[in-house]
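Only one structure is covered here, and it is reproduced in the block below.
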Amino acid sequence: MFGLTNDSGGTNAIELLKNDHRMVEDLFKQYEDIKEGAEDEAKEELVAQICDALTVHAQIEEAIFYPAARQALQQEEGQDLLDEAAVEHQTLKDIIGRLEMAPTSDPLYDAGVKVLSEYVKHHVREEENELFPKVRSSDMDLQAIGEQLAEMKKRLEGGQSRTSRNGSRGRQAQRERESGDERRSSH
Ligand SMILES: [Fe+2]
Ligand SMILES: [Fe+2]
């Protein structure tokens, strides 16, 4: 009944967002599985994927879903949830920003990924258990909003796959430069 696509090929907003949540949870699980003993590069690539996916997801929620929910939910209902969600997105972005800057050799790197995953879990639980049910019983046009979300997501991902790969290479190159500097300065 609430499939991601309906007969006309449309996209349900809530199902699209929930699909994103499941995908990111899966990436975090993959990280848990490989973190002991994996090459730095593999960990970094996975974390870049997680950060990119979360960033796109947060952007489409902030630009399209949250404002639509604010409008669809009458009066005070759900407004506090939306305020909280906006603050939680800020915290998520702070953690993501710090992880993107950190080298995988940082002793707190794995802890940073773990804290991010726990924070995401908490935020997702609130969206799925509190916000989405309210939105579902509102008069939001889930198909129309879903299509807007899908369209913006596609556009952001198209621009991001290049930057994230460059970003990852950029960080790698930066580390190589730094370790070169260390070697030189130790002589
Ligand atoms: Fe969110
Ligand atoms: Fe979400």
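Derivation of every value follows stated rules applied to the coordinates shown; laboratory data play no part. Bear in mind the structure is a predicted one, so any value in this text is a computation, not a measurement. With ideal geometry, Cβ positions are generated from the backbone for all residues, glycine too; neighbour counts draw on all protein chains shown.
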> So for segment 27-148, taking the charge dipole from beta-carbon charges (+1 Lys/Arg, -1 Asp/Glu), which of Val124, Ala42, His89 sits furthest toward the positive end?
Replying inline: Val124
> So how far apart, in nm, are the two label points at Lys154 and Gln75 if each is 7 Å from Cα heading toward Cβ?
Replying inline: 4.0 nm
> Please state the Cα pair-distance histogram of segment 13-185 with 5 angstrom bins from zero: what percent is in each bin?
Replying inline: 1, 8, 16, 19, 18, 13, 10, 7, 4, 2, 1, 1, 0, 0
>> Please report the spacing between the Cα centers of segment 136-154 and segment 47-89 in Å, no decimals.
In response: 13 Å
> With charges only on Cβ, +1 for K and R and -1 for D and E, what is the dipole size of segment 25-72 about its Cα centre, in debye, rounded to 20?
Replying inline: 440 debye
> Just how large is the dipole of segment 1-158 about the Cα centre, in debye to the nearest 20, putting +1 at every Lys and Arg Cβ and -1 at every Asp and Glu Cβ?
Replying inline: 220 debye
> If the limit is 25 Å between Cα atoms, which of Lys35/Lys153; Lys114/Lys154; Lys134/Lys154; Lys18/Lys114; Lys29/Lys134 go over it?
Replying inline: Lys35/Lys153; Lys114/Lys154; Lys134/Lys154; Lys29/Lys134
